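Quick notes on the structure that follows.
The values are calculated or read from the model by the stated rules, or taken from the named source; none is laboratory data. A quick note: this is a predicted structure, and the numbers were derived from the prediction, not measured. Note that we place each Cβ from the backbone using ideal geometry, even for glycine, and neighbour counts take in every protein chain shown.
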């Protein structure tokens with residue numbers, strides 16, 4: 001357990017966060033004597049309703065209602081974030097029946113599995129731009145919506161610089177000062193995790209100018225034994241609007257510290273099976289593991305209605321990020337005893353990213369046919385500076401984990417004290433699309449093309465002898481990649497009756513091509529750089545809106561090339577690396593949300609994913625299920641306002657079995673998690689106050705949540721029973 005000093009500092013920081021808000025509230029919030037307490041309670045209870053918004057940002061197509069898009073899209077709003085008290089974006093996405101969250105390789109960063117394909121934290125969008133949001137852990141309190149667009153999006157958003165996003169994208173929309181607001185929240189979770197947040201919004205100059213400020217501070221041990229997390233964030237959103245011009249600026253600072261992160265569990269070479277799940281709170285991390293993340297980021301957006309039917313727009317953003325991590329891992333050698341080998345590394349890193357998108361959106365109509373024409377371009381630049389130091393392995397145990405002294409350094413690369421660039425990535429594109437509307441826009445046909453150029457440069461960490469006999473010094477360019485590709489889209493929406501929308505699409509993902517390894521013996525093409533490869537998606541579905549109730553269904557197929565080595569046709573004694581294989585994911589998704597009865601709200605859904613290996617080496621594992629991808633996912637979140645001001649909540653999350661290896665000889669069993677909660681709105685001095693209590697994993701079930709890892713099978717243990725409580729005052 002942490003020291004009393006740390007607890008005192010945490011409590012002091014929380015109080016300091018609230019003092020300005022309380023003082024401002026006392027000065028700026030006069031009592032409203034015309035409103036009864038019952039009216040205040042009902043209004044506050046209604047504003048607290050957790051819900052899903054059907055629609056969102058479809059990249060270059062703009063903000064659209066779901067019924068007008070030939071894609072599957074939904075958005076989780078800030079009321080859901082406030083009520084469920086998530087600490088990361090991954091905990092928000094626990095509500096989505098097509099998404100599951102795991103970690104990146106060895107770090108605290110979340111990565112998401114959508115339709116069975118990885119979306120790295122690096123490739124989460126912010127107001128439609130890649131590389132601007134913090135790359136590992138994102139505080140959700142800053143955002144009005146967490147949008148999920150299922151499926152490939154290379155045309156809509158451009159190629160993701162991190163090389164992921166084949167199965168879908170996540171986009172964050174910052175809060176706006178849409179009304180006067182002064183809200184303070186104090187919260188608690190885990191065993192010693194305290195904190196709070198402030199949310200202030202005001203409009204000025206006859207509502208032409210808006211300011212929204214959000215601040216967050218929380219720190220302490222979470223539910224996992226000795227895992228400590230601290231998050232400090234402050235963000236400001238400014239907007240100005242006139243009859244024809246809208247301008248916004250979002251800037252934020254986030255600092256996250258994680259100590260003793262419970263790591264992913266991997267298997268040592270030759271070990272096949274699933275280890276017994278440790279105690280739900282047990283932590284097999286070492287006390288010297290830590291990571292600190294610091295990000296300063298911002299986005300500016302401008303829209304100009306040049307005419308009544310034409311709009312020019314530009315969105316630009318930048319991020320300066322720094323990371324300093326002392327990471328640890330664990331590889332199981334004995335499934336019965338839990339005997340394992342521990343690994344350690346030190347990685348200092350910084351990122352400087354910029355991105356911009358600009359275009360013209362025009363609406364035309366003639367002869368009973370409407371058109372919405374989009375064209376423009378986008379650019380992103382990313383510079384990654386890092387270095388690494390590896391350490392000697394050590395003996396540890398999954399179930400009876402000893403505290404081990406910090407191991408001895410073995411190798412290092414780059415400049416640990418002042419990391420130099422190890423990669424530079426520039427992605428540029430030009431896009432054009434046209435959406436035709438027929439029969440009073442009951443039939444919408446979208447067609448578009450995006451020409452994309454990817455230029456990537458890599459730099460040597462160490463003095464290296466190249467295959468041709470040359471010598472690279474640290475910091476010298478080791479490879480350069482420059483490739484172009486055209487990614488088309490075609491989508492169809494048909495609205496046969498009011499409230500029903502049928503859709504179909506063919507769209508592609510675009511991923512930077514692989515590089516043939518240089519450390520494999522007898523390889524005929526070491527270092528060969530391959531052009532970008534596509535993930536091809538076909539999707540059909542329907543959306544139903546009945547006012548109080550929404551539903552959607554979609555069937556999809558996504559094909560993704562995979563790389564491996566085969567005997568070289570020109571010289572059978574050598575191997576040739578290339579994109580010879582394929583993975584095909586076929587699935588069905590169902591999602592419902594709404595208020596079927598007054599006071600009863602539901603967010604639920606499920607998905608089935610048949611992910612298969614195709615064109616495998618020598619036919620081995622041909623037709624087997626891809627590892628780490630659950631056969632099915634199911635979610636249900638229910639809220640019931642059973643009394644004025646009182647709401648009970650319940651959530652169930654179920655995940656089907658997952659294959660642990662490509663041979664399908666070992667599988668991870670299905671698991672189910674139950675969450676319960678409630679909230680109560682009351683009035684204190686004509687000020688609404690909301691009390692919330694949530695218990696995640698009520699049964700304290702021990703389970704492996706995922707077998708999906710960035711570099712192969714990696715078990716992520718589910719979180720233990722976690723109590724959450726908060727008090728929100730809306731002054």
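Which of the residues spanning region 563-578 are in a strand (DSSP E or B) and either within 23 Å of the chain's Cα centre (by Cα) or free of Cβ contacts under 8 Å to residues at least 12 places away in the same chain (or both)? Full working, then the answer.
At the first step, the residues of region 563-578 found to be in a strand (DSSP E or B) are 563-567, 575-578.
Of everything in region 563-578, just one residue is in a strand (DSSP E or B) and either within 23 Å of the chain's Cα centre (by Cα) or free of Cβ contacts under 8 Å to residues at least 12 places away in the same chain (or both), namely 567.
For region 342-444, which strands (runs of 3 or more DSSP E) that fit wholly inside it have 2 or more residues that are surrounded by fewer than 16 Cβ atoms within 10 Å (Cβ to Cβ) and at negative phi? Explain how you work it out, then say what you get.
Details: elements: 369-386, 388-391, 394-397, 409-413, 421-438.
It comes to 369-386, 409-413, 421-438.
I'd like to verify a number: residues in region 537-558 that are under 21 Å from residue 490 (Cβ atoms) and surrounded by 18 or more Cβ atoms within 10 Å (Cβ to Cβ), how many?
Filtering region 537-558 down to residues under 21 Å from residue 490 (Cβ atoms) leaves 537-543, 552-558.
Applying the additional criterion that residues be surrounded by 18 or more Cβ atoms within 10 Å (Cβ to Cβ) yields 537, 539, 541, 543, 552, 554, 556, 558.
The qualifying residues number 8.
Report yes if residue 294 is surrounded by fewer than 21 Cβ atoms within 10 Å (Cβ to Cβ), touching a strand residue (DSSP E or B) at 6+ places or on another chain (Cβ under 7 Å), over 23 Å from residue 721 (Cα atoms) and touching a residue at least 12 places away in the same chain (Cβ under 8 Å), otherwise no. Step through it out loud before you land on a result.
Details: surrounded by fewer than 21 Cβ atoms within 10 Å (Cβ to Cβ): yes; touching a strand residue (DSSP E or B) at 6+ places or on another chain (Cβ under 7 Å): yes; over 23 Å from residue 721 (Cα atoms): yes; touching a residue at least 12 places away in the same chain (Cβ under 8 Å): yes.
So residue 294 passes the test.
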Picking from 196, 201, the residue that is closer than 27 Å to residue 249 by Cα, free of Cβ contacts under 8 Å to residues at least 60 places away in the same chain and in a strand (DSSP E or B) would be 201
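Out of the residues in region 507-532 meeting the condition of being part of a strand (DSSP E or B) and at pLDDT below 85, tell me which one is nearest to residue 162 (Cα to Cα). Break it down into steps so the answer makes sense when it comes.
Going residue by residue through region 507-532, those that are part of a strand (DSSP E or B) are 507-511, 515, 523, 529.
Then keep just the ones that are at pLDDT below 85; that gives 515, 529.
On the way: 515: 15, 529: 16 Å.
So, considering only residues that are part of a strand (DSSP E or B) and at pLDDT below 85, the one nearest to residue 162 (Cα to Cα) is 515.
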Of the conditions (1) in contact with a strand residue (DSSP E or B) (Cβ under 7 Å, 6 or more places away or on another chain); (2) closer than 21 Å to residue 305 by Cβ, residue 274 clears all except one; give me its number.
(2)
Output the residues belonging to region 632-661 that are closer than 24 Å to residue 713 by Cα and surrounded by fewer than 17 Cβ atoms within 10 Å (Cβ to Cβ).
657
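Can you give me the number of residues within region 67-79 that are under 20 Å from residue 590 (Cβ atoms) and either free of Cβ contacts under 8 Å to residues at least 40 places away in the same chain or surrounded by fewer than 23 Cβ atoms within 10 Å (Cβ to Cβ) (or both)? Give the steps one after another, and end with the answer.
From region 67-79, those under 20 Å from residue 590 (Cβ atoms) are 67, 69-76; that's our starting set.
Checking the rest, the ones that are also either free of Cβ contacts under 8 Å to residues at least 40 places away in the same chain or surrounded by fewer than 23 Cβ atoms within 10 Å (Cβ to Cβ) (or both) come to 67, 75.
Total meeting the criteria: 2.
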Mind listing whichever residues of region 307-341 are in contact (Cβ under 8 Å) with a residue 24 or more places away in the chain, farther than 23 Å from residue 383 by Cα and assigned to a strand (DSSP E or B)?
310, 311, 312, 313, 328, 329, 330, 331, 332, 339, 340, 341
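Determine, yes or no, whether residue 401 is in contact with a strand residue (DSSP E or B) (Cβ under 7 Å, 6 or more places away or on another chain) and over 30 Å from residue 452 (Cβ atoms). So that I can check it myself, show each step before the final result.
Values: in contact with a strand residue (DSSP E or B) (Cβ under 7 Å, 6 or more places away or on another chain): no; over 30 Å from residue 452 (Cβ atoms): yes.
No: the conditions fail for residue 401.
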Determine whether region 462-472 contains at least one residue that is at pLDDT 90 or above and within 20 Å of residue 420 (Cβ to Cβ).
no
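Out of everything in region 29-45 that is surrounded by 11 or more Cβ atoms within 10 Å (Cβ to Cβ) and more than 11 Å from residue 688 (Cα to Cα), what residue ends up being modelled with the lowest pLDDT?
It comes out as 29.
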Looking only at region 613-637, which residues are without any contact (Cβ under 8 Å) to a residue 60 or more places away in the chain, within 22 Å of residue 671 (Cα to Cα) and in a strand (DSSP E or B)?
625, 632, 636
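Would you check if residue 286 is closer than 22 Å to residue 718 by Cα, part of a strand (DSSP E or B), in contact (Cβ under 8 Å) with a residue 40 or more places away in the chain and in contact with a strand residue (DSSP E or B) (Cβ under 9 Å, 6 or more places away or on another chain)? Reasoning before the result, please.
On the way: closer than 22 Å to residue 718 by Cα: yes; part of a strand (DSSP E or B): no; in contact (Cβ under 8 Å) with a residue 40 or more places away in the chain: yes; in contact with a strand residue (DSSP E or B) (Cβ under 9 Å, 6 or more places away or on another chain): yes.
Taking the combined requirement at face value, the residue does not satisfy it.
Within region 262-274, track down each residue that is within 28 Å of the chain's Cα centre (by Cα) and either free of Cβ contacts under 8 Å to residues at least 40 places away in the same chain or not in a strand (DSSP E or B) (or both).
Step one: list which residues in region 262-274 are within 28 Å of the chain's Cα centre (by Cα), which gives 262-267, 274.
Selection gives 262, 263, 264, 274.
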Here are the criteria: (1) touching a helix residue (DSSP H, G or I) at 6+ places or on another chain (Cβ under 7 Å); (2) assigned to a loop (DSSP other than H, G, I, E, B). Tell me which single one residue 543 does not satisfy.
(2)
Looking at residue 685, is it at pLDDT below 95, surrounded by fewer than 21 Cβ atoms within 10 Å (Cβ to Cβ), out of contact with any strand residue (DSSP E or B) (no Cβ under 7 Å at 6 or more places or on another chain) and closer than 30 Å to residue 106 by Cα?
no
Being in a helix (DSSP H, G or I) and out of contact with any strand residue (DSSP E or B) (no Cβ under 6 Å at 6 or more places or on another chain) is the filter; apply it to region 116-150 and report the residue that is farthest from residue 292 (Cα to Cα).
123
Take the residues in region 314-331 that are surrounded by fewer than 19 Cβ atoms within 10 Å (Cβ to Cβ) and over 30 Å from residue 290 (Cα atoms), then tell me which one is nearest to the chain's Cα centre (by Cα).
316
Count of residues meeting criterion [over 25 Å from residue 660 (Cβ atoms) and either without any contact (Cβ under 8 Å) to a residue 60 or more places away in the chain or buried (at least 19 other Cβ atoms within 10 Å of the Cβ) (or both)] in region 579-594
4
